[in-house]
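Right, one structure below, let's go through it.
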Amino acid sequence: MSTQGQGDKRYDPGDTTLKFVDRPDDLDPLPPEEGDECLRAEMSCGHAVTPQSLTGWCRSLLDQGQYKFKCPALKKGTLLQCGAEWSYQEVRRLAVLTAQEMQSFEEIIARLAATEYCDFKSCPGCQTFVEREDLTNLSVQCTICTADKNKRYEFCWQCLKLWKGPAPRSDRCENDDCTNPDLQLLKTCKTTSLPQVQGVDTCPCIRACPTCGQKVEHDKTGCKNIICPRCQVEFCFVCLKLTPECLKTSSYFIPCSDGVAPRQTSIPVWHKN
Ligand SMILES: [Zn+2]
Ligand SMILES: [Zn+2]
Ligand SMILES: [Zn+2]
Ligand SMILES: [Zn+2]
Ligand SMILES: [Zn+2]
């Protein structure tokens, strides 16, 4: 990981996972100042970038509220933008993001993604799609059925039956078969080892992302941390803390002082703040 300052991020010329090219930077067409020539690497779409130009472009997208990273370079010989979407993993690596940059990128991405995230289900009474606004409450009112029946109509987001029992509740309603399959999975999934991580030979194989609650599996290669595919925030699969917090007492391949977190008994709720 780079510990250098913002201005002098550089690729490691010995990094064989990057493809270096001898073309100018496609994101920053100005010729580099004399003696300031920086190695360029190729993105998955074929355009050439430097750590600075990629960081700068992606930062400007986030500043405009865009968390999908799209390539702004022009397609060869045209005036059309490439528009290819780069994953955060790719950006993070080729922009050589520092620890602080990663933390700030991930916070912004998670906040933007949460605002855009909508949870829709079809109402068991009238079959129209209803959006759930309060992600912590399983009891959801359908305005159409309420108007139709002239009395408050609430259904359960989990078992999709007429709501039974007191509300609000986040775990289940009082219908007999109301269970949360994701929670069941967290409770009953197999255990796995993380061969790359020192001394972790039994860890639940499925975890819920501490930021957004998405179910994730560890692919057993690489370090103990994973980037959540939904909110893009990186966390430790072993202790379930966010990576910067976990790394205070550990390293990428050694568990932190909290060890292996027990199976989760509730699913974290994504906060739209
Ligand atoms: Zn491109
Ligand atoms: Zn309805
Ligand atoms: Zn229910
Ligand atoms: Zn997540
Ligand atoms: Zn950890």
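The values are calculated or read from the model by the stated rules, or taken from the named source; none is laboratory data. It should be emphasised that the depicted structure is a prediction, and the values quoted were computed from it without experimental measurement. Positions of Cβ are backbone-derived with ideal geometry, glycine not excepted, and every protein chain shown enters the neighbour counts.
Just one of the numbered conditions (1) among the basic types (Lys, Arg); (2) free of Cβ contacts under 8 Å to residues at least 60 places away in the same chain; (3) more than 23 Å from Ala99 (Cα to Cα) is not true of Lys224: (3). Scanning region 186-221 for residues that are part of a loop (DSSP other than H, G, I, E, B), among the polar types (S, T, N, Q) and free of Cβ contacts under 8 Å to residues at least 40 places away in the same chain yields Ser193, Gln214, Thr221. Looking at (1) part of a helix (DSSP H, G or I); (2) touching a Ser or Thr at 6+ places or on another chain (Cβ under 8 Å); (3) among the polar types (S, T, N, Q), can you tell me which one Asn137 breaks? Of everything listed in (1) part of a helix (DSSP H, G or I); (2) touching a Ser or Thr at 6+ places or on another chain (Cβ under 8 Å); (3) among the polar types (S, T, N, Q), Asn137 misses just condition (1).
Quick check on region 234-273: of everything there that is β-branched (Val, Ile, Thr) and surrounded by 13 or more Cβ atoms within 10 Å (Cβ to Cβ), which residue is farthest from ligand 5 (Cβ to nearest atom)?
Quick first cut of region 234-273, residues β-branched (Val, Ile, Thr) only: 238, 243, 249, 254, 260, 265, 267, 269.
Right, trim to surrounded by 13 or more Cβ atoms within 10 Å (Cβ to Cβ) and you get 238, 243, 249, 254, 260, 267, 269.
On the way: Val238: 5, Thr243: 8, Thr249: 8, Ile254: 9, Val260: 9, Ile267: 19, Val269: 21 Å.
In this case the residue turns out to be Val269.
For region 38-83, the set of residues classified as within 22 Å of the chain's Cα centre (by Cα), within 8 Å of ligand 1 (Cβ to nearest atom) and surrounded by 16 or more Cβ atoms within 10 Å (Cβ to Cβ) consists of Met43, Cys45, Cys71, listed by residue number.
Within region 215-233, the set of residues being within 12 Å of ligand 4 (Cβ to nearest atom) and either crowded, with 21+ Cβ neighbours inside 10 Å or assigned by TED's automatic domain parsing to the domain that holds Val91 (or both) comprises Cys228, Cys231, Gln232, Val233. Looking only at residues of region 217-237 that are of a type in the set (A, V, I, L, M, F, W, C) and touching a Cys at 6+ places or on another chain (Cβ under 6 Å), we find that the one that is modelled with the highest pLDDT is Cys236. Among the listed residues Gln103, Gln66, which satisfies the condition of being of a type outside the set (Val, Ile, Thr) and assigned to a helix (DSSP H, G or I)? After ruling out the rest, the residue left standing is Gln103.
Take the residues of region 150-174 that are touching a residue at least 24 places away in the same chain (Cβ under 8 Å) and not in a loop (DSSP other than H, G, I, E, B): which is surrounded by the most Cβ atoms within 10 Å (Cβ to Cβ)?
Within region 150-174, the subset touching a residue at least 24 places away in the same chain (Cβ under 8 Å) is 153, 155, 157, 160-163, 167-173.
Right, trim to not in a loop (DSSP other than H, G, I, E, B) and you get 155, 162.
On the way: Phe155: 24, Leu162: 14.
This residue is Phe155.
Is one or more of the residues making up region 165-179 more than 14 Å from ligand 3 (Cβ to nearest atom) and over 24 Å from the mean Cα position of the chain (by Cα)? Scanning region 165-179 turns up no residue that is more than 14 Å from ligand 3 (Cβ to nearest atom) and over 24 Å from the mean Cα position of the chain (by Cα).
The condition (being more than 22 Å from Asp119 (Cβ to Cβ), away from ligand 1 (no atom under 16 Å from the Cβ) and charged (D, E, K, R)) is satisfied by just one residue among Lys248, Lys272: Lys248. Of all positions in region 107-126, at least one carries a residue that is farther than 21 Å from Asp25 by Cβ, at pLDDT 90 or above and of a type in the set (Asp, Glu). Taken over region 151-178, the criterion of being modelled with pLDDT under 95 and polar (S, T, N, Q) is satisfied by Gln158, Ser170. Hey, can you tell me all the residues within region 72-114 that are within 23 Å of Asp12 (Cα to Cα) and in contact with a Cys (Cβ under 7 Å, 6 or more places away or on another chain)? Of everything in region 72-114, those that are within 23 Å of Asp12 (Cα to Cα) and in contact with a Cys (Cβ under 7 Å, 6 or more places away or on another chain) turn out to be Trp86, Val91, Ala95. Scanning region 175-182 turns up no residue that is more than 9 Å from ligand 5 (Cβ to nearest atom), touching a residue at least 40 places away in the same chain (Cβ under 8 Å), part of a loop (DSSP other than H, G, I, E, B) and closer than 27 Å to Glu107 by Cα. Every condition in (1) within 16 Å of ligand 4 (Cβ to nearest atom); (2) not in a helix (DSSP H, G or I) holds for Gly77 except the one numbered (1).
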